[in-house]
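The block underneath contains the structure these notes are about, expressed in structure tokens.
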Amino acid sequence: MSKMRAKAIFIDKDGTIVDNARYPAVIPTDMIMEDEVIDGLLYLQRKGFKLILISNQPWIAQGKLTQEEVAGVFERMIRKLNAFGVRIDDYYFCPHQSSDSCSCKKPKPKLIYDAARKHAIDLRKSYIIGDMSSDIEAGKHAGIKTILVKTGCGKDFLDSAGPDFIIENINQVSEVIP
């Protein structure tokens, strides 16, 4: 008898869950866009999805923050989400910048694959939600459905990203994942 494989929502952090309007002065941030994400995240949890953050954090390679400082930002954000009843199952971030030619920076799907292995995730039942074309491309490379949100940079990528779905924010996710 084979074990049921989990389904997951891979979620970009900056501009998707947290407000990055103060970028580049404030990087990265843990300021959650509560009115645009909490209800949607709770809905996805009730639907049985694991919630996994997948994020590019080039500030580390640029020497602006340490890996520990970035991890601290993620941990604070996760605690804030927990206070609303949202449970983030895991998070992954790429510490490199584009010039490093690493294997983990979105749009490459390595972080998605790493999470899928660790959490026994069925990618065919999974989605990625993000505000940039690199999020959508990473999802396509991993073979998962893609959702572009118009928060953060999402408005800039409406025509070019080619996502499976476009929604205003995470709270509208029930319109595309019934």
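Computed from the coordinates by the stated procedures, all read-outs in this text should not be read as laboratory data. This structure is a prediction, so every number in the text was calculated from the model and none was measured. Counting neighbours? That spans all protein chains shown, and the Cβs are built from the backbone with ideal geometry, glycine included.
The alpha-carbon positions of region 39-178 define a convex hull whose volume is 112 Å³ per residue.
Report the paramagnetic label zone for Arg5: residues of region 128-143 whose backbone N is under 20 Å from a point 7 Å from Cα along the Cα-to-Cβ axis. So the set is 128-129, 138-143. Projecting the Cα atoms of Ala115, Leu65, Ile78 onto the charge dipole of region 1-135 (Cβ charges, centred on the Cα centre) puts Ala115 farthest toward the positive pole.
With all projection directions averaged, the alpha carbon convex hull of region 1-111 covers 8.2 nm². Spatially close Lys pairs in region 17-120, defined by Cα atoms under 21 Å apart and a spacing of eight or more places or different chains, total 12. For the pair region 55-89 and region 100-147, the centres of their Cα atoms are 18 angstrom apart. From helices alone, the chain scores -9000 deg cm²/dmol at 222 nm; the rule is -39500 (n - 2.57) for each run of n ≥ 4 DSSP H residues, then divide by the residue total.
Just want the answer: with Cβ charges of +1 for Lys and Arg and -1 for Asp and Glu, which residue in Ala8, Met31, Asn20 is farthest toward the dipole's positive end in the chain? Value computed over the given set: Ala8. Looking at the chain, send over the antiparallel percent of its DSSP beta bridges, to the nearest 5. Here the antiparallel bridges make up roughly 5 percent for the chain. You can think of it this way: the chain between Ser103 and Phe84 has 3.4 nm of extra reach, that is 0.36 nm per residue less the Cα-Cα gap.
Unpaired cysteine residues in the chain (no second Cys Cβ under 4.7 Å): Cys102, Cys153. Is the shape of region 119-178 rounded, prolate or oblate, going by the alpha carbon gyration tensor and its root eigenvalues a ≥ b ≥ c, with a/c under 1.5 for rounded and a/b larger than b/c for prolate? Oblate is the answer for region 119-178, as a/c is 1.5 or above yet b/c matches or exceeds a/b.
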